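Colleague: Quick one: the structure is below, questions incoming.
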Amino acid sequence: MNKKSSSLKAGIHYLKNWSQFVDWFHDEQACRDYLYTLRWPNGFICPNCLAHKAPYSLAKNKLKCTQCRKQTSVTAGTIFDKTRTPLKDWFAAIWYLTNQKNGVSALGIQRLLGLGSYQTAWSILHRLRYAMINPERDKLSGIIEVDETFVGVLVNINQQDKKKFVVLIAIELIEPKGFGRIRLRQVDRATKSNIEQFIVDVIEPDSQIGSNIPAHETMPGVHRVASLLKRWLLGTYQGAVQSKHLDYYLDEYTFRFNRRKSRSRGLLFYRLLEQSVTTKPLTYKGIRAR
Ligand SMILES: [Zn+2]
């Protein structure tokens, strides 16, 4: 169970600033210890038999369940599974990612970490974007607007062919004014069945849904999100968004939008790290296939 933000304290649970980052995460063990408390806030739970009992600590950072005797580690079964990149570098990448108002590029990560391989940087960034979708997130509720928008995306980076893609948007309206959380989904076409499926997947059944496709003027929330999203894609990716990566960008944007009021960057870092240890591993092949 995730801890409520109000119960978390800057400088104790999450970072205040970069100098604290350097202080806290001085070596791999310190990073592992921090991940341990995020993954098992109430003590170790064996991923195999679910026994809630402190494990044996073995060499090479292995943990052994005292009940079923299976071995595991704090990173096994998370997005850090089998990574050869030091956790310190992962943490630095997460700090960087959560501290940029706009999105970041794989090239930016490569430069930051001084990586020889662009592929490694690209894979880190995509795993983090994958972790940005909270695996346990709640559905939207209350008063919701649902509508579609079109995003211009490159179909082929070499030929610079642009094509419009349909993105479905759902946003919570807060009375008397203001917006809550959003969900986004790329679909082939805004058909009735696609929209209905989206509503079923992301919105609580007892919500009040306003959908007036195509009368956009009655939809201030989706309208706002659509224009912010387009501006963000343009500013961050200079319009060079490839269709096969659009889902990742939508996830990243959703994470940023839904935490826009987050009172600190350190808390954002905390949340993404927390999601990183509760998100299943993603292989390089899995990234390309998605
Ligand atoms: Zn066990």
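The values are calculated or read from the model by the stated rules, or taken from the named source; none is laboratory data. Note that the structure is predicted; figures quoted are calculated from it, not measured. Heads up, the Cβs are rebuilt from the backbone with ideal geometry, glycines too, and the neighbour counts pull from every protein chain shown.
Colleague: Tell me the residue from Ile287, Ile213 that is modelled with pLDDT under 75, of a type outside the set (Asp, Glu) and not assigned by TED's automatic domain parsing to the domain that holds Ile171, please.
Modeller: On the way: Ile213 fails: not assigned by TED's automatic domain parsing to the domain that holds Ile171.
Answer to the check: Ile287.
Colleague: May I ask you to say which residue of Arg39, Arg32 is within 26 Å of Leu8 (Cβ to Cβ) and without any contact (Cβ under 8 Å) to a residue 60 or more places away in the chain? Can you show your working first?
Modeller: On the way: Arg39 fails: without any contact (Cβ under 8 Å) to a residue 60 or more places away in the chain.
Answer to the check: Arg32.
Colleague: Which residues, counting only those in the stretch 56-84, are away from the ligand (no atom under 16 Å from the Cβ), part of a loop (DSSP other than H, G, I, E, B) and more than 14 Å from Leu35 (Cβ to Cβ)? Spell out how you get there, then give the answer.
Modeller: Applying the first criterion (away from the ligand (no atom under 16 Å from the Cβ)) to the stretch 56-84 yields 59-61, 75, 78-84.
If we keep only those that are part of a loop (DSSP other than H, G, I, E, B) too, we end up with 75, 78-84.
Selection gives Lys82, Arg84.
Colleague: Out of Asp27, Asp81, Asp23, I need the residue that is touching a residue at least 24 places away in the same chain (Cβ under 8 Å) and over 21 Å from Thr278 (Cα atoms). Which one?
Modeller: Going through Asp27, Asp81, Asp23 in turn, just one is touching a residue at least 24 places away in the same chain (Cβ under 8 Å) and over 21 Å from Thr278 (Cα atoms): Asp27.
Colleague: Please work out which residue is farthest from the ligand (Cβ to nearest atom), limiting yourself to the stretch 14-55 and to residues that are under 26 Å from the mean Cα position of the chain (by Cα) and of a type in the set (Gly, Ala, Ser).
Modeller: Here the residue is Ser19.
Colleague: It is to be established whether one or more residues within the stretch 172-194 are in a helix (DSSP H, G or I) and surrounded by 13 or more Cβ atoms within 10 Å (Cβ to Cβ). Before the answer, list the steps.
Modeller: Here is the first cut: in the stretch 172-194, the residues in a helix (DSSP H, G or I) are 192-194.
Then drop every residue that is not surrounded by 13 or more Cβ atoms within 10 Å (Cβ to Cβ), which leaves 194.
For the stretch 172-194, residues in a helix (DSSP H, G or I) and surrounded by 13 or more Cβ atoms within 10 Å (Cβ to Cβ): present.
Colleague: Mind checking which residues of the stretch 219-264 are at pLDDT 85 or above and part of a loop (DSSP other than H, G, I, E, B)?
Modeller: Matches in the stretch 219-264: none.
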